[in-house]
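Quick notes on the structure that follows.
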Amino acid sequence: MKKIILTAMAVFAFSFANAQDKKDDNAGGQTSKGKWLIEANTGNAMLGTTGFYLSSFDGDTAYNLGLDGGYFIMDDLAIKAGLGYGDDSMTSTFSYRLGAKYYIKNMIPVTLDLTGASIEDASENPLWLGIGAGYAIFLGDNVSIEPGLRYNHSLNENFTDKGVFQFNVGFALHF
């Protein structure tokens, strides 16, 4: 176990040093002011989401399709908006997201956003305040994979008074 932890720390330290060198050498990089961002993330059916998910249980299939987009108003800080549509055997859902994403050291994305949904024929609709963090793995000049953790706090106690943790994997295009 000790070797695994030390190996993980070494990989993280190497990645951190490599990202620092890349940022210093890459003025006008992926997260620079004036750049655009388009994201596709995995989602959570309970939240109303702008991500992607597909589930099937006892013959009932549910899905969601969505994207987020953002514009870097300054280096490492993007203002984002997203839309999603989901459907299951009983209802359909339209979701939206507004927020911001900040990249610490050009590799640790931290998000703060408001996610809501309009559920067909529902008496109550969810509204969530979410905060998340992850790690951006840049696969080139225009693509990144961003696994991360997120906590969603319910702002509508009539819908639910529970918060929701989730693990996401995001894919982003930078241009």
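The values are calculated or read from the model by the stated rules, or taken from the named source; none is laboratory data. The structure displayed is predicted, hence computed values, not measured ones. Cβ atoms come from the backbone with ideal geometry, glycine included; neighbour counts cover every protein chain shown. Side chains are part of the model used for accessible areas, which takes the heavy atoms of the whole protein and leaves out ligands, DNA and RNA. Shrake-Rupley method; radii C 1.70, N 1.55, O 1.52, S 1.80 Å.
A few points about this structure:
- Spatially proximal aspartates and glutamates relative to residue 101 (Cα-Cα < 18 Å; intrachain offsets below 8 disregarded): 39, 68, 75, 76, 113, 146
- Charge-dipole axis of segment 81-139 as Lys and Arg at +1 and Asp and Glu at -1 on Cβ define it, positive-most pick from 127, 83, 110: 110
- Compactness relative to 2.2 N^0.38 Å, alpha carbon Rg of segment 46-154: 1.17
- Extended-chain gain in nm, criterion 0.36 nm per residue less alpha-carbon gap, residue 145 and residue 94: 15.8 nm
- Proximal aspartates and glutamates relative to residue 162, as straight alpha-carbon distance under 16 Å, when same-chain residues fewer than 8 apart are discounted: 124
- With each label modelled as a point 7 angstrom along the Cα→C-beta vector, the residue 137-residue 122 pair spans 3.3 nm.
- Per-pair calculated FRET efficiency, R0 = 22 Å: residue 162 and residue 63 via Cβ, rounded to 0.05: 0.40
- Candidate residues 36, 128: accessible-area rank, largest first, probe 1.4 Å: 36, 128
- Potential lengthening between residue 77 and residue 129 on full extension [0.36 nm per residue; Cα-Cα distance subtracted]: 16.9 nm
- Base-10 log of normalised Debye intensity for segment 124-175 (one unit scatterer per alpha-carbon) at q = 0.27 Å⁻¹: -0.93
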